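The values are calculated or read from the model by the stated rules, or taken from the named source; none is laboratory data. From a predicted model like this one, the values you see are computed outputs, not experimental measurements. With ideal geometry, Cβ positions are generated from the backbone for all residues, glycine too; neighbour counts draw on all protein chains shown. These area figures cover heavy atoms from the full protein model, side chains too; ligands, DNA and RNA do not enter into them. Shrake-Rupley method; radii C 1.70, N 1.55, O 1.52, S 1.80 Å.
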Amino acid sequence: MSTRAAQAQVVATSFLALFAIVGIALYGLPFFYDSMVRDFGWSRARVTSGNAISKLLVGPLFGFFAGWMVDRFGPRRLMAAGILMAGIALVGLGAIHTLAGFYFFYLFNALGNVCGGPLPNQVLLSRWFTTTRGRAMGFAYLGIGIGGALVPFLAVWLTRAVGWQGALQALGAGIVIVALPLTLVVRESPEQTSPTSPNASIAAVLRSPPFYLLLAGSMCSIAAVGGTNQHLKLFLSLDHGFTQAAAAQIASLVLASSLVGRLGMGWLADRFPKKYVMLLIYLLVASAIPLLFLVGTEGAGGAGGMGAIYLFAVIFGIGLGGEYMVIPLMAAELFGVRVLGRAMGVVLTADGVAEAVAPVLVGRMHDVAGSYATGFVAVIGFALAGAVAISFLPGSSPPPTVPVESSPPLPLSAMRRGGTTDRP
């Protein structure tokens, strides 16, 4: 197989994995929250707590370990396990009737995301591409946007046909069918040698101040995005009377707009300092959320209120599309590819905590105040705080010198890694 054909297979593999695990499983589950509130009598804080508790448990326990596994053994096996766990999670969530079952299968969902989601795909793409890494990651991350844009309509159609629990089970089976086959055969790196990376130490990265600025900025931005997105369906359906179909249109527009963000921000990141691309993304998120204060009840909010929600969906979607993708690009530039799995394992673990806590915090604020006003102010603050942290990052920087722990001499093919892997 030629280098270009292998690269195309890598992008397709990541596209389908992200389509399934993030687009379907992560973005699809909140669309069923209002059904759980109605059928089980759970509060908004409770239905978002499954995401919170699972990520708070799984992230700290498995995030860095997953990054080490990817750096040491390659991403393919971990991705396959993650895809299977994400599929099992949705099938199980479609069969539960108790809170214990809800939490149990949400743990599988979080494990699937850690093992098969952004982390291994970021490393896989970074190994195969250098000068066009932003565009390659942008194309692969289109899977998240397309999956997220399709899942509201799939959810509505399947719910009408087999009920909301049957819809979850069908989506879970679809995850495995769509994402697993290519994952089982993808090459993990351009070299013909073992995918095992040199045993590079992450200590230099953990001593680097930019690492903690990136960590803080990423956590704040993820909190803003997660705190808003996890409540969007609840906000539209329960607070403003939007029908299932109308709420699906808004959710789909957010994810469709994210496609523009993924391609556009990937293109910009290949041409301009990634720090400034990150700042643009964070400011887009912060500027979109205030538009939610202008939304009225469907059918009674007037053209202004409906215009506000559509404008929000476009701006927020563009920011959402670029937000998850630009963080590993910045990390690869700052710290290099050899430790990217472990570095992103730490960052994604911290992001998981932020993404877990923020929706519960916003839900609790709504339960206390009876509206989302204070919660939305909080997530705007998170987005602005993230922009402040990122503003202190260096504009561009070569990867720090990363010491290599005692290991056998590398073969010549491994010494050439990373310089020309995006050209035939």
- Query: If you go through segment 84-107, how many residues are without any contact (Cβ under 8 Å) to a residue 24 or more places away in the chain and open to solvent by 30 Å² or more (accessible area, probe 1.4 Å)?
  - Reply: 4
- Scan segment 194-231 residue by residue and report those that are more than 16 Å from Ala286 (Cβ to Cβ), modelled with pLDDT of 90 or more and open to solvent by 10 Å² or more (accessible area, probe 1.4 Å). Pro209, Pro210, Tyr212, Leu213, Leu215
- In segment 348-363, the residues that are open to solvent by 20 Å² or more (accessible area, probe 1.4 Å) and either within 19 Å of Phe65 (Cα to Cα) or at pLDDT 90 or above (or both): Leu348, Thr349, Val353, Leu361
- Gly138 fails exactly one of the following numbered conditions: (1) open to solvent by less than 10 Å² (accessible area, probe 1.4 Å); (2) at pLDDT 90 or above. What is the number of that condition? (2)
- Regarding Tyr276, is this residue part of a helix (DSSP H, G or I), in contact (Cβ under 8 Å) with a residue 40 or more places away in the chain, among the aromatic types (Phe, Trp, Tyr) and open to solvent by less than 10 Å² (accessible area, probe 1.4 Å)? no
- Task: Kindly indicate which of Ala256, Ala251, Ala331 is open to solvent by less than 10 Å² (accessible area, probe 1.4 Å) and touching a residue at least 40 places away in the same chain (Cβ under 8 Å).
- Result: Ala331
- How many residues are modelled with pLDDT under 85 and either open to solvent by 10 Å² or more (accessible area, probe 1.4 Å) or in contact with a Phe, Trp or Tyr (Cβ under 8 Å, 6 or more places away or on another chain) (or both) when one looks only at segment 70-83? 2
- Note on the structure: Of the residues in segment 35-53 that are modelled with pLDDT of 80 or more and open to solvent by less than 10 Å² (accessible area, probe 1.4 Å), the one that is nearest to Gly341 (Cα to Cα) is Gly50
- Task: Identify, by number, the condition in (1) modelled with pLDDT of 90 or more; (2) buried (at least 17 other Cβ atoms within 10 Å of the Cβ) that Phe242 doesn't meet.
- Result: (1)
- Residue among Gly87, Gly117 that alone is out of contact with any Cys (no Cβ under 9 Å at 6 or more places or on another chain), modelled with pLDDT of 90 or more and not hydroxyl-bearing (Ser, Thr, Tyr): Gly87
